[in-house]
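The structure appears below as structure tokens.
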Amino acid sequence: MVTIDHDAVLRARVLLLGSGRPSRAELVGAYRVLAEVSPKAYLPKLADALLALRYESRDPKVNVALTAEASRAARRVEVGTPKREERLRRALDAYQASLFVLGRRAEGRAICEELAEAGQREFLVRVLAEEGSFWEAAKLDEEAARDGIPGRSFWTAVRWAANLEGAGLHDAASTVFRELLEETRREVAEQSTALAILTWELVHFSRMRESVGDRAGAAAARREAQSVLEELATTGEPMNWSGILEWWRTLFVLSGRAAEPAASPESPMPPFGTQLGWSRGVRDGFLGMLPGLEAEAARLREADLLPELADVQRRIAIRAAVREGDHPYLFEEKFTPYFDGGVTLARRLPDNPARLARALIDRSMFLVAARSFELAHADFAEAAALLHDR
């Protein structure tokens, strides 16, 4: 039986009815008291106030406590209350994120499982992919596609295909990606998406097919990409598209997954193929590899081990894209050295045309993102010649 502190209830009501503007902390205190006597009215307000209060904290442990309490309050809201499910999802989302910041992955995963049961699967998909459980992640993607939640999009299709590839199901991954390509071709014809996005997708699909030895399929995708690049170089985009750097970044980062350590529950890695809503610790760990990679690059350069150096420099470029690859300000200036350096280095390897073609294609796709379409077409044409595409 709950004992009601009537004085505390009176003070809380006076605070809320007063002419002053209570602080967020004062609101939380008042709603805590009133939620015990009028849960229907005040539990929703308490959950919202707790989530708002966390923005005033820089302490991850405090944020865990606030979001945990917000989740408890949201769970107690009476079923049928307007926006109950939305409020619970927001609280649980904030709670799982705060747990991952502190590295409490098991608890964070449990909250993601609760979210998945409520129909919000993307958080659990992310956690599974970070831990290398690609088959389980792909099954959730398939369930979401079957249920139509959310609708098929670049983001859901790329993630699903990436998880299928991670599970070794390359044909299934290609089927998903082919469907995305068909949708993008239709949107391009309707001028509802950018030619640049179609180009990036085609190049990624060529990499997918090349990785399983389907040289004919890879060459066909590159020929189509070259045709699109010819159009871009000749006439440019039919419409002025902005805010599409995330498409380039997602596929470029995904292209580097095979060069990274394998993901596991003990050593999670980024969920390649997703937008960068990665667990905070995973993102920090991935970017935290930069000093070691830069030291390794210096060692390889001094030893004149150029093939290995090219691979390490590409891993460095991918981390630069993770860090700021969707920022349009000075985009070309910031990233040109990475891609020019990759091509320059690859040209010093005359017996390795495939490595030079990779560097040229990388730079070509970056130049598309930078809207330098003629240069992008020239790089891609040179790469196609090296790969003997006909």
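The values are calculated or read from the model by the stated rules, or taken from the named source; none is laboratory data. In this text the structure is predicted, and so the values were computed from the model without any measurement. Every residue, glycine among them, receives a Cβ derived from its backbone with ideal geometry; neighbour counts consider all protein chains shown.
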Has the stretch 378-388 got any residue that is farther than 20 Å from residue 259 by Cβ, touching a Pro at 6+ places or on another chain (Cβ under 7 Å) and either without any contact (Cβ under 8 Å) to a residue 24 or more places away in the chain or outside any loop (DSSP other than H, G, I, E, B) (or both)? yes
As an exercise: evaluate residue 81 against (1) more than 26 Å from the chain's Cα centre (by Cα); (2) polar (S, T, N, Q); (3) in a helix (DSSP H, G or I) and give the number of the one condition it does not meet. (3)
Could you tell me how many of the residues in the stretch 65-76 are crowded, with 22+ Cβ neighbours inside 10 Å and not small (Gly, Ala, Ser)? 2
Listed residues 79, 33, 62, 37; which is surrounded by fewer than 16 Cβ atoms within 10 Å (Cβ to Cβ) and more than 27 Å from residue 103 (Cα to Cα)? 79
Looking at the stretch 1-27, which of its residues are touching a Leu at 6+ places or on another chain (Cβ under 7 Å), in a helix (DSSP H, G or I) and modelled with pLDDT of 80 or more? 24, 25, 26
Do you know which of the residues in the stretch 314-367 that are of a type in the set (Gly, Ala, Ser), within 26 Å of residue 227 (Cα to Cα) and modelled with pLDDT of 95 or more is surrounded by the most Cβ atoms within 10 Å (Cβ to Cβ)? 364
What residue, of 211, 206, is in contact with a Lys or Arg (Cβ under 6 Å, 6 or more places away or on another chain) and not basic (Lys, Arg)? 206
Residue count, the stretch 68-92 (criterion: out of contact with any Leu (no Cβ under 7 Å at 6 or more places or on another chain), closer than 19 Å to residue 53 by Cα and in contact (Cβ under 8 Å) with a residue 12 or more places away in the chain): 3
Would you point out the residue of the stretch 277-303, among those that are at pLDDT 95 or above and assigned to a loop (DSSP other than H, G, I, E, B), that is nearest to residue 98 (Cα to Cα)? 288
Applying the selection to the stretch 109-132, what residues are more than 18 Å from the chain's Cα centre (by Cα), at pLDDT 95 or above and among the small types (Gly, Ala, Ser)? 110
Taking the stretch 109-147 and keeping residues among the hydrophobic types (A, V, I, L, M, F, W, C), surrounded by fewer than 17 Cβ atoms within 10 Å (Cβ to Cβ) and part of a helix (DSSP H, G or I) leaves 110, 135
Any chance the stretch 291-305 includes a residue that's surrounded by 18 or more Cβ atoms within 10 Å (Cβ to Cβ) and in contact with a Lys or Arg (Cβ under 6 Å, 6 or more places away or on another chain)? no
For the subset of the stretch 216-254 comprising residues that are free of Cβ contacts under 8 Å to residues at least 12 places away in the same chain and among the hydroxyl-bearing types (Ser, Thr, Tyr), which member is surrounded by the most Cβ atoms within 10 Å (Cβ to Cβ)? 227
Here is a check on your reading of the model: is residue 35 assigned to a helix (DSSP H, G or I) and within 22 Å of residue 90 (Cα to Cα)? yes
Can you name every residue in the stretch 179-235 that is among the acidic types (Asp, Glu), more than 13 Å from residue 154 (Cβ to Cβ) and in a helix (DSSP H, G or I)? 210, 224, 230, 231
Taking the stretch 275-323 on its own, how many of its residues are closer than 26 Å to residue 245 by Cα and not aromatic (Phe, Trp, Tyr)? 31
Which ones in the stretch 91-108 are surrounded by fewer than 21 Cβ atoms within 10 Å (Cβ to Cβ) and either under 15 Å from residue 71 (Cβ atoms) or in contact with a Gly (Cβ under 6 Å, 6 or more places away or on another chain) (or both)? 93, 97, 103, 104, 107
Whether any residue in the stretch 59-74 is in contact with a Ser or Thr (Cβ under 8 Å, 6 or more places away or on another chain) and of a type in the set (Ser, Thr, Tyr) is what I want to check. yes
Can you confirm whether the stretch 265-276 contains a residue that is surrounded by 14 or more Cβ atoms within 10 Å (Cβ to Cβ), among the β-branched types (Val, Ile, Thr) and not in a loop (DSSP other than H, G, I, E, B)? no
I need a count of the residues in the stretch 23-48 that are under 38 Å from the mean Cα position of the chain (by Cα) and more than 15 Å from residue 75 (Cα to Cα). 8
